[in-house]
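Below: the structure, in structure tokens.
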Amino acid sequence: MNERKESSAHDVAPMDDRLTEITAASRSAGMTRISLVFLLLLVALLVMTLVSASLGQLIIPFDQVLGSVLGKVGIDWFPQPQQAYGEEALWNVRFPRIVMSLIVGASLAVAGAVMQGVFGNPLAEPGTVGVSSGAAVGASLSILMGWTFLGAFTTPLLAFVFGLFTTLCVYALARRNGRTEVVTLILTGVAVNAVAGAAIAFITFKAPTSARDQIVFWQMGSLNGSRWQQVMMVAPMCVLGVIAVMFISRQLDLLSLGEKSARHLGVNVERLRFFAMLMVALLVSSAVAFAGIISFVGLVVPHLLRLIIGPGHRALLPACALGGALLLSVADFAARTLVQFADLPIGMLTSLLGGPFFFWLLRRSRSKSGGWA
Amino acid sequence: MPMPGQQLLSLTSVGVGIDGRSILDDISFDVSAGEVLALVGPNGAGKSTLLNAITGDVELRSGSVSLFGVPIGAWDPIELAMRRAVMLQQNDMSFPFTVEQVVQMGRSPWIGSSAESDDEMIVASAMAMTESEGLSERVYTSLSGGERGRVAFARVLAQASPLLLLDEPTAAMDIKHQEMVMRLCRDYARSGCAVVVVLHALDVAAAYADRVALLESGRIRSIGRPVDVMTAESLSEVYQYPIDVFEHPGHGLVILPSRKEGDQE
């Protein structure tokens with residue numbers, strides 16, 4: 001082995017030096033670009049949070065928002081909110097809702113990116129393949145039955161169990177000979193969404209009037225009425241999920257060579273797949289449990305970020321967490337300010353924009369592969 | 001690093017069946033460090049299945065495959081990847097990674113080992129050897145079939161394992177790159193490693209292989225030096241088409257389908 005290395009290194013030594021330089025240069029250019037994207041996303045996220053906290057029916061100037069936040073940690077550089085109920089509006093209504101939008105957005109975008117990696121298909125997404133609806137069946141079941149056997153954790157837990165079951169079903173149904181064809185994936189999504197939709201319809205039908213309203217609105221997806229208690233429940237799920245998938249980012253890269261080649265490079269594909277599915281279910285249920293079904297975030301965000309920073313999952317996954325959080329906080333801000341005195345369902349908004357995008361992606365992947373491959 | 005002549009791979013009466021149909025039957029041979037073994041035979045003879053049996057991708061109905069004396073099923077996936085690299089016929093990629101990133105993936109079994117420090121040098125030299133350094137910034141999914149083949153081969157070289165298993169590595173390549181890949185295979189084997197390669201082109205097998213295994217409907221008809229295995233008689237019989245074999249001074253074997261009748265007409 002050493003012999004080979006030495007002789008080959010000897011033969012191509014000048015080439016080697018030049019090549020190492022070139023690749024090192026291009027790699028550092030890539031790193032700069034990735035750092036820049038992260039920086040921009042972070043700044044945009046902070047600005048958006050500030051704007052979202054400041055504007056609404058009650059307008060609280062930026063400096064007072066900052067004053068209120070920093071005041072909590074004992075820094076008094078900025079003034080406290082001046083209006084009556086300003087402080088209450090910020091801490092009881094807006095902040096929990098903003099944090100919830102960040103969590104849900106990050107969870108959905110990362111879940112989408114991981115699903116796409118595991119399926120080897122950029123069209124896989126929790127909403128389109130029906131994992132969100134599956135989780136929603138569990139959550140609405142718990143609302144209908146008024147189950148509280150695990151206290152406030154009952155709804156997210158049921159969402160998780162049903163979400164995991166749906167994920168595994170989709171995986172088993174949509175794959176053939178180690179790969180997922182676009183048609184199979186989309187049709188599986190249609191079928192799973194139909195069954196889950198029927199289950200939710202039945203639950204809504206059986207529900208008493210009060211629970212019915214709750215289920216209907218929640219099904220459209222909304223962050224209205226998010227409370228700290230709920231945030232505290234789903235935040236650990238989101239953080240755990242995002243951190244856990246970082247550990248499989250390299251293996252997800254290898255998986256895009258195909259299942260067999262990944263195995264030949266030492267990846268335990270079966271274990272990777274199951275772990276990834278578990279994490280997708282965890283992330284999706286953290287998003288669905290209280291915010292309802294919000295589609296297409298997991299499709300749009302990874303796709304756009306892949307165009308900018310490339311497909312490597314080590315950078316893509318954390319970027320998706322930031323990008324998803326940003327997209328959903330913008331969408332939620334739009335949902336509550338677009339029409340005065342009305343809180344639009346955010347799921348409706350994301351579907352309105354995500355639907356055409358999905359179609360465009362579908363057309364593109366069709367023309368690229370020269371058919372419905 | 002294996003000693004020259006050390007037995008790397010050993011197959012003992014391997015049988016494979018798919019859906020009750022026998023694909024491979026009673027295959028036995030050893031592969032030693034330093035040699036290139038070519039697997040040849042007509043379509044459907046079981047060449048790719050045999051390679052799959054060696055990589056552990058199909059279940060054996062009988063017999064055993066062992067690497068360094070240990071059954072392949074008993075190896076840890078990472079340790080196995082350090083010892084054998086595989087290049088498949090299909091080299092698709094689901095996402096638009098760059099060529100350099102794809103070749104770097106070949107180094108992944110060595111992450112965290114002492115060999116990791118050589119990564120950059122090994123990746124660079126694998127790309128230089130396969131003449132793919134000019135492609136390094138290109139997106140893999142935009143490459144032509146022959147270019148993909150070169151990059152996939154570079155990735156397999158970068159894995160730096162003592163056993164290479166290649167399934168028709170030159171299928172989409174032009175003559176220049178076909179010869180380059182085969183020369184690299186021979187050099188790789190000479191350095192103390194071993195290469196098992198499925199080949200369609202009989203003359204290429206004759207020119208570069210130390211030994212040839214001729215497969216016929218799931219069995220090995222003969223295995224040995226190219227001159228002994230690839231005779232006009234046995235090739236014509238196995239391929240069910242008249243094939244002429246000439247010994248060319250300095251060029252080894254020249255193998256041609258017989259076209260005499262066509263010429264006369």
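Laid out as a table, the results:
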item: Unique residue being open to solvent by 20 Å² or more (accessible area, probe 1.4 Å), in a helix (DSSP H, G or I), in contact with a helix residue (DSSP H, G or I) (Cβ under 8 Å, 6 or more places away or on another chain) and more than 20 Å from residue A:122 (Cα to Cα) when the list is A:282, A:322; result: A:282
item: Residue identified as surrounded by fewer than 16 Cβ atoms within 10 Å (Cβ to Cβ), within 20 Å of residue A:294 (Cα to Cα) and of a type in the set (A, V, I, L, M, F, W, C) among A:170, A:190, A:183; result: A:190
item: Selection status of residue A:150, outside any helix (DSSP H, G or I) and either within 30 Å of residue A:261 (Cα to Cα) or not acidic (Asp, Glu) (or both); result: yes
item: Residue under evaluation residue B:132, criteria (1) surrounded by fewer than 23 Cβ atoms within 10 Å (Cβ to Cβ); (2) farther than 21 Å from residue B:48 by Cβ, criterion not met; result: (1)
item: Pick from segment A:242-257, criterion in a loop (DSSP other than H, G, I, E, B) and surrounded by 21 or more Cβ atoms within 10 Å (Cβ to Cβ), ranking: nearest to the other protein chains (Cβ to nearest Cβ); result: A:256
item: Residues of segment A:307-319 classified as in a helix (DSSP H, G or I), within 14 Å of chain B (Cβ to nearest Cβ) and either touching a residue at least 24 places away in the same chain (Cβ under 8 Å) or within 15 Å of residue A:283 (Cβ to Cβ) (or both), total; result: 7
item: Qualifying residue in segment A:24-32 (condition: at pLDDT 80 or above and of a type outside the set (Phe, Trp, Tyr)); result: yes
item: Top-ranked residue in segment B:142-170 [being assigned by the TED database to the domain that holds residue B:47 and among the charged types (D, E, K, R); ranked as least open to solvent (accessible area, probe 1.4 Å)]; result: B:167
item: Pairs with Cβ under 6 Å, 6+ apart, first in segment B:29-58 and without any contact (Cβ under 8 Å) to a residue 60 or more places away in the chain, second assigned to a loop (DSSP other than H, G, I, E, B); result: B:52/B:58
item: Residues (touching a Lys or Arg at 6+ places or on another chain (Cβ under 9 Å), away from chain A (no Cβ under 11 Å) and in contact (Cβ under 8 Å) with a residue 40 or more places away in the chain) located in segment B:131-146; result: B:143
item: Test: residue in segment A:196-218 that is among the hydrophobic types (A, V, I, L, M, F, W, C), open to solvent by less than 60 Å² (accessible area, probe 1.4 Å) and not in a helix (DSSP H, G or I); result: yes
item: Residues within segment A:125-147 that are in a loop (DSSP other than H, G, I, E, B) and crowded, with 16+ Cβ neighbours inside 10 Å, tallied; result: 2
item: In segment A:51-62, the residues that are surrounded by 12 or more Cβ atoms within 10 Å (Cβ to Cβ) and either among the polar types (S, T, N, Q) or closer than 17 Å to residue A:331 by Cβ (or both); result: A:51, A:52, A:53, A:54, A:55, A:56
item: Residues located in segment B:58-87, provided they are under 27 Å from residue A:312 (Cβ atoms) and in contact with a helix residue (DSSP H, G or I) (Cβ under 6 Å, 6 or more places away or on another chain); result: B:78, B:81, B:82, B:85, B:86, B:87
item: Search result, residues across segment B:171-213 that are surrounded by fewer than 21 Cβ atoms within 10 Å (Cβ to Cβ), in contact with a strand residue (DSSP E or B) (Cβ under 6 Å, 6 or more places away or on another chain) and outside any helix (DSSP H, G or I); result: B:210, B:211
item: Condition check for residue A:271: within 13 Å of another protein chain (Cβ to nearest Cβ) and either buried (at least 16 other Cβ atoms within 10 Å of the Cβ) or part of a strand (DSSP E or B) (or both); result: no
item: Lone qualifier among A:67, A:151, A:163 - being under 27 Å from the mean Cα position of the chain (by Cα), crowded, with 17+ Cβ neighbours inside 10 Å and not aromatic (Phe, Trp, Tyr); result: A:163
item: Any hit, segment B:220-240, residues being of a type in the set (Phe, Trp, Tyr), touching a Leu at 6+ places or on another chain (Cβ under 8 Å) and surrounded by fewer than 21 Cβ atoms within 10 Å (Cβ to Cβ); result: no
item: Test: residue A:108 is in a helix (DSSP H, G or I), more than 14 Å from chain B (Cβ to nearest Cβ) and surrounded by fewer than 24 Cβ atoms within 10 Å (Cβ to Cβ); result: no
item: Residue match in segment B:44-61 (condition: touching a strand residue (DSSP E or B) at 6+ places or on another chain (Cβ under 6 Å), open to solvent by 10 Å² or more (accessible area, probe 1.4 Å), among the basic types (Lys, Arg) and part of a helix (DSSP H, G or I)); result: yes
item: Of the criteria (1) over 27 Å from residue B:23 (Cα atoms); (2) within 16 Å of the chain's Cα centre (by Cα); (3) assigned by the TED database to the domain that holds residue B:23, which one residue B:191 fails; result: (2)
item: Residue B:57 being among the charged types (D, E, K, R) and more than 14 Å from every other protein chain (Cβ to nearest Cβ); result: no
item: Qualifying positions in segment B:130-142 - aliphatic (A, V, I, L, M) and either in a loop (DSSP other than H, G, I, E, B) or over 16 Å from residue A:253 (Cβ atoms) (or both); result: B:135
item: Of all residues making up segment B:147-192, the number that are among the acidic types (Asp, Glu) and away from every other protein chain (no Cβ under 11 Å); result: 4
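Residues checked against (1) among the aliphatic types (A, V, I, L, M); (2) farther than 17 Å from residue A:139 by Cβ; (3) open to solvent by less than 20 Å² (accessible area, probe 1.4 Å):
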| residue | (1), (2), (3) |
| --- | --- |
| A:221 | no, no, yes |
| A:234 | yes, no, yes |
| A:240 | yes, yes, no |
| A:259 | no, yes, no |
| A:275 | no, yes, no |
| A:296 | no, yes, no |
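The values are calculated or read from the model by the stated rules, or taken from the named source; none is laboratory data. None of the values given here were measured: they were computed from a predicted structure. We place every Cβ from the backbone using ideal geometry, glycine too, and count neighbours over all the protein chains shown. Accessible surface areas use protein heavy atoms only, side chains included; no ligands, DNA or RNA. Shrake-Rupley method; radii C 1.70, N 1.55, O 1.52, S 1.80 Å.
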